[in-house]
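**Student:** Quick one: structure below, then a few questions.
Any read-out appearing in this document is the output of simple, stated calculations on the displayed coordinates, not a laboratory observation. What you see is a predicted model; the values in this text were computed from it and never measured. Cβ placement follows ideal geometry from the backbone for every residue including glycine, while neighbour counts extend to all protein chains displayed.
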Amino acid sequence: MPEFVMLERDAGVATVTLNRPEKLNALTKPLWRELGEAMRQLSDDDSVRCVVVRGAGEKSFSPGNDISEFRTERANKAQAIRYGQVMRDTLQALEQCRHPVVAQIHGICVGGGLEIASLCDLRICGESSRFGVPIKNLGLVMSYHELAPLVALVGPGIAREILLEGRVFGAQEALAKGLVTRVVPDDQVAEEVRATVQRIVEGAPLAARWHKAFIRRIQEPEPISDAEHETCFDCFDTEDFREGYDAFLAKRKPAFRAL
Amino acid sequence: MPEFVMLERDAGVATVTLNRPEKLNALTKPLWRELGEAMRQLSDDDSVRCVVVRGAGEKSFSPGNDISEFRTERANKAQAIRYGQVMRDTLQALEQCRHPVVAQIHGICVGGGLEIASLCDLRICGESSRFGVPIKNLGLVMSYHELAPLVALVGPGIAREILLEGRVFGAQEALAKGLVTRVVPDDQVAEEVRATVQRIVEGAPLAARWHKAFIRRIQEPEPISDAEHETCFDCFDTEDFREGYDAFLAKRKPAFRAL
Amino acid sequence: MPEFVMLERDAGVATVTLNRPEKLNALTKPLWRELGEAMRQLSDDDSVRCVVVRGAGEKSFSPGNDISEFRTERANKAQAIRYGQVMRDTLQALEQCRHPVVAQIHGICVGGGLEIASLCDLRICGESSRFGVPIKNLGLVMSYHELAPLVALVGPGIAREILLEGRVFGAQEALAKGLVTRVVPDDQVAEEVRATVQRIVEGAPLAARWHKAFIRRIQEPEPISDAEHETCFDCFDTEDFREGYDAFLAKRKPAFRAL
């Protein structure tokens with residue numbers, strides 16, 4: 001039974017909660033491991049339409065890794081490599097999740113919390129949210145697997161600013177930096193996430209999965225082969241396309257079934 | 001004779017008009033083919049200084065592919081691959097056009113319309129323009145060749161938002177997302193495009209062609225060879241450089257001849 | 001003795017000044033060479049914590065290459081290749097500087113001046129600063145090594161706009177384009193740079209160097225090897241990590257020593 005990550009399902013929408021509210025959802029090795037397991041389980045589940053990742057409560061998404069673990073789990077390079085392998089597996093599970101993932105960000109979203117959010121597809125936060133990666137104050141660095149999603153999201157220039165200066169900054173600056181998708185008043189974050197998830201799940205699930213996979217593929221340096229290009233037309237042989245087309249002509253909402 | 005794409009020339013400036021105003025310039029297979037032919041013809045023409053791409057009328061740039069064609073031209077994967085090949089050739093012709101291309105966007109710029117605009121060098125629109133890719137509502141996807149220019153323009157994060165959520169949104173949001181170059185009042189779009197084209201054609205045509213080619217090349221993963229790097233200095237042996245230099249010293253406007 | 005680049009040191013902070021104020025700090029072949037030498041010397045110096053690059057005076061960072069040199073140094077391709085080699089070496093020295101580099105931008109930042117600024121890690125300018133690359137008016141182009149940092153900073157779409165249109169534009173537009181990190185009132189540029197440098201040098205120097213190196217590495221197309229990934233955990237065996245951790249627990253400022 002997971003202790004630190006709560007997983008709830010409401011029809012096709014899964015909510016994954018980083019669940020250490022007494023510590024503002026600071027991340028620990030078992031929490032990272034449970035988060036990876038939850039994401040892999042959801043990714044494999046064909047009935048999932050959208051995943052929401054959030055922190056427990058409304059004070060914090062996550063402030064990053066729990067400092068209290070350093071003494072026992074990350075006291076030197078050898079330990080840190082093992083800890084880093086757990087983080088890497090989880091970051092990979094987030095990146096490779098087949099379904100759309102929305103980060104619901106209340107409050108603090110810093111360090112490892114921002115790494116998790118960076119790997120979600122959309123990031124919705126409140127006006128009072130705070131962002132940053134002040135890891136340089138501990139004498140530590142983000143590893144390649146933590147850093148690459150941030151660079152992909154905001155570009156190398158802004159990534160350098162965030163890491164070298166180490167400031168913690170507000171939601172409007174995060175929006176201007178391209179770090180979040182949307183900022184709303186604090187008391188409307190949950191409602192905006194709900195409406196966004198609704199827009200996502202009204203679309204064809206296979207189209208969402210393909211779009212995510214294609215955008216990941218485009219970022220790899222190898223050229224797209226003709227065979228890969230042909231898979232882009234598989235959608236025309238799906239039942240969902242026939243449903244979408246019929247619904248469009250009939251001016252009704254389509255009922256997609258991921259078929 | 002092209003039926004669906006109108007091509008006009010005014011000295012070195014060519015205007016390519018998506019010309020199905022009764023359908024808001026919805027795209028069809030013959031229109032895609034004619035657009036590709038027009039772009040290849042203009043690209044090969046050394047007398048061209050700038051190309052403007054626009055939709056007929058001021059209601060719409062283009063709302064994307066015409067749904068009425070799906071029954072006969074895109075009813076299954078095999079048909080869609082053939083249709084997709086026509087789109088791919090045209091998108092490639094847009095991308096490889098040697099001359100600067102400005103998208104003059106009035107009104108709707110959605111789906112395939114946005115794909116065309118994404119491959120122009122500058123995008124100028126009015127305050128009431130609308131953007132988006134709601135293809136997920138039909139159960140369909142953008143293929144790699146449609147998607148890559150969007151990802152190059154706005155990055156993978158915003159591309160995921162646009163495709164997964166499928167919202168149609170306004171000009172100011174498009175500007176904030178980096179999807180358009182400039183937003184002006186609706187009744188000033190044509191004038192702003194005219195002034196922009198003027199700024200472009202006052203520059204040396206060879207410099208424009210080289211800059212376009214170099215920026216395309218930089219996005220490829222292969223390292224730039226020394227031989228390629230040396231071509232960057234060919235400009236110093238052109239007549240236009242001598243003209244530009246003399247004009248600068250004489251404080252007059254240069255008269256470039258693409259030589 | 002350098003003539004055109006002034007190098008000052010104040011503890012770990014080095015200030016490099018493009019020093020031709022009578023010419024608004026226009027760049028010449030010897031200035032480029034001296035700038036490269038200064039950057040390489042500072043990069044090799046383990047006592048450096050941060051470098052500030054600025055122009056002499058408060059009218060101009062730099063307007064780019066001095067036109068007066070064209071007659072003798074860049075009159076044809078062969079000369080321009082030799083000149084370009086000097087620029088290339090210096091741009092590379094800027095890019096490869098191990099320490100954080102902040103551009104302090106007063107006034108004009110155009111052409112080669114913008115190229116230098118693009119290779120700094122943060123760019124702070126005043127409200128009246130002006131940016132652009134109007135090189136097309138001379139019939140010339142940016143070479144691959146000048147262009148690549150601009151494309152990395154603002155993306156291919158905005159790079160095309162800047163080069164094809166050749167406009168010179170203001171600080172707020174530069175900020176919206178992602179060309180500068182921060183815009184402040186003209187009389188607060190020096191103070192904001194001072195505060196930014198302070199935030200940078202309060203962090204662990206090795207973390208800054210690693211972060212810079214990692215972000216550069218991520219932009220290369222080759223996949224990160226496991227051995228490279230393991231170097232990300234070297235920081236856990238540094239004295240500075242122990243200092244950072246102890247200081248965090250003691251709620252005091254850490255005193256890092258780059259060890």
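**Student:** Can you name the chain B residue with its Cβ nearest the rotation axis from B to C, and give the distance in Å as a whole number?
**Tutor:** Rotation axis B onto C, closest Cβ, rounded to whole Å: B:PRO221, 2.
**Student:** Helix C:189-201 versus the longest principal axis of chain C: what is the Cα-based angle in degrees, 0 to 90, to the nearest 10?
**Tutor:** 40 degrees
**Student:** To test your reading of the geometry: what angle, between 0 and 90 degrees and rounded to tens, separates the Cα axis of helix B:77-96 from the longest principal axis of chain B?
**Tutor:** On a 0 to 90 degree scale, this one is about 20.
**Student:** Provide an ascending nm list, one decimal, of label-point separations from C:GLN41 to the equivalent residue in each further copy; define each label point as 7 Å from Cα along Cα→Cβ.
**Tutor:** Here the equivalent label points are 6.2, 6.2 nm apart from this one.
**Student:** If each label sits 7 angstrom from Cα along the C-beta direction, how far apart, in nm, is C:ARG71 from its counterparts in the other copies?
**Tutor:** Computed spacing set for this position: 7.5, 7.5 nm.
**Student:** Can you give the relative contact order of the range C:5-201 as a percent, counting alpha carbon pairs under 8 Å and 6+ residues apart?
**Tutor:** That works out to 20 percent.
**Student:** Here's a follow-up. Could you give the length gained by full extension between A:VAL184 and A:MET1, i.e. 0.36 nm per residue of separation minus their alpha carbon distance, to one decimal place?
**Tutor:** 62.4 nm
**Student:** Under a plain spin-label model, where a point goes 7 Å from the Cα along Cα-to-Cβ, how far apart in nm are C:ARG167 and B:ALA176?
**Tutor:** 2.1 nm
**Student:** Follow-up. Considering amide H positions built from the backbone, and no H for Pro or chain starts, which residues 5 or more places from C:VAL53, or on another chain, come under 5 Å of its amide H?
**Tutor:** C:VAL16, C:VAL102, C:ALA103, C:GLN104
**Student:** Could you tell me which residue out of C:GLN92, C:MET142, C:GLN172 lies farthest along the dipole of the range C:5-201 toward its positive end? Charges go on the beta carbon: Lys and Arg +1, Asp and Glu -1, centred on the Cα centre.
**Tutor:** Towards the positive end, the residue furthest out is C:MET142.
**Student:** Mind listing the long-range amide H neighbours of A:SER60? Cut-off is under 5 Å, sequence gap 5 or more, other chains count too, H placed in the peptide plane at 1.01 Å from N.
**Tutor:** Under 5 Å from the amide H of A:SER60: A:ILE108.
**Student:** Where the centre of each part is set by its Cα atoms, how far does the range C:10-55 sit from the range C:103-180, in angstrom?
**Tutor:** Measuring centre to centre over Cα atoms gives 19 Å.
**Student:** Enumerate by residue number the trypsin sites (Lys or Arg not before Pro) in the range C:162-219 meeting two conditions: DSSP loop (anything except H, G, I, E, B), and at most 16 other Cβ atoms within 10 Å of the site's Cβ.
**Tutor:** Those satisfying the criteria are C:ARG167.
**Student:** Please state the shape class of the range C:115-259: rounded when a/c is under 1.5, otherwise prolate if a/b exceeds b/c and oblate if not, all from the C-alpha gyration tensor.
**Tutor:** oblate
**Student:** Another question, if that's okay. Which whole-number percent of Cα pairs in chain A have a distance greater than 28 Å?
**Tutor:** Pairs farther apart than 28 Å: 36 percent.
**Student:** Show me, for the range C:226-242, the HN-Hα J-couplings you get by feeding each phi into the Karplus relation (A = 6.51, B = -1.76, C = 1.60, θ = phi - 60°), rounded to Hz, glycine and proline as x.
**Tutor:** Per-residue couplings from phi come out as 4, 5, 4, 4, 5, 4, 5, 9, 4, 4, 6, 9, 8, 5, 5, 5, 4 Hz.
**Student:** Spin-label point model (7 Å from Cα, Cβ direction): what's the B:ARG82 to B:ALA227 distance in nm?
**Tutor:** About 4.1 nm, to one decimal.
**Student:** What angle do you read, to the nearest 10 degrees and between 0 and 90, between the alpha-carbon axis of helix A:205-218 and the longest principal axis of chain A?
**Tutor:** Once rounded, the angle reads 60 degrees.
**Student:** How much net charge surrounds C:ARG40 when only the other residues with a Cβ under 12 Å from the Cβ of C:ARG40 are counted, with Lys and Arg +1 and Asp and Glu -1?
**Tutor:** Here the charged neighbours net out to -4.
**Student:** By the scheme Lys and Arg +1, Asp and Glu -1, what is the net charge of all other residues having a beta-carbon under 10 Å from that of B:ARG216?
**Tutor:** Computed value for this residue: +1.
**Student:** Using the beta-carbon distance between B:GLU127 and B:ARG9 and R0 = 25 Å, what value does 1/(1 + (r/R0)^6) give for FRET efficiency, to the nearest 0.05?
**Tutor:** 0.25
**Student:** Order these by the 10 Å Cβ neighbour count, fewest first: C:MET1, B:MET87, A:MET142, B:MET6.
**Tutor:** C:MET1, B:MET6, B:MET87, A:MET142
**Student:** A further question follows. Would you order A:ASP46, C:ASP10, C:ASP89 from fewest to most other beta-carbon atoms within 10 Å of each residue's own beta-carbon?
**Tutor:** C:ASP10, A:ASP46, C:ASP89
**Student:** Further, regarding this structure: Compute the label-point distances linking C:ALA213 to its equivalents in the other copies; points lie 7 Å from Cα along Cα→Cβ; give nm, one decimal, shortest first.
**Tutor:** Shortest to longest, the spacings are 3.8, 3.8 nm.
**Student:** At a 10 Å Cβ-Cβ cut-off, how would you order B:LEU119, B:LEU153, fewest neighbours first?
**Tutor:** Arranged by neighbour count, lowest to highest, B:LEU119, B:LEU153 become B:LEU153, B:LEU119.
**Student:** Would you tally the net charge around A:VAL86, using a Cβ to Cβ cut-off of less than 9 Å, leaving A:VAL86 out, and scoring K and R as +1, D and E as -1?
**Tutor:** Residues near A:VAL86 contribute +3 overall.
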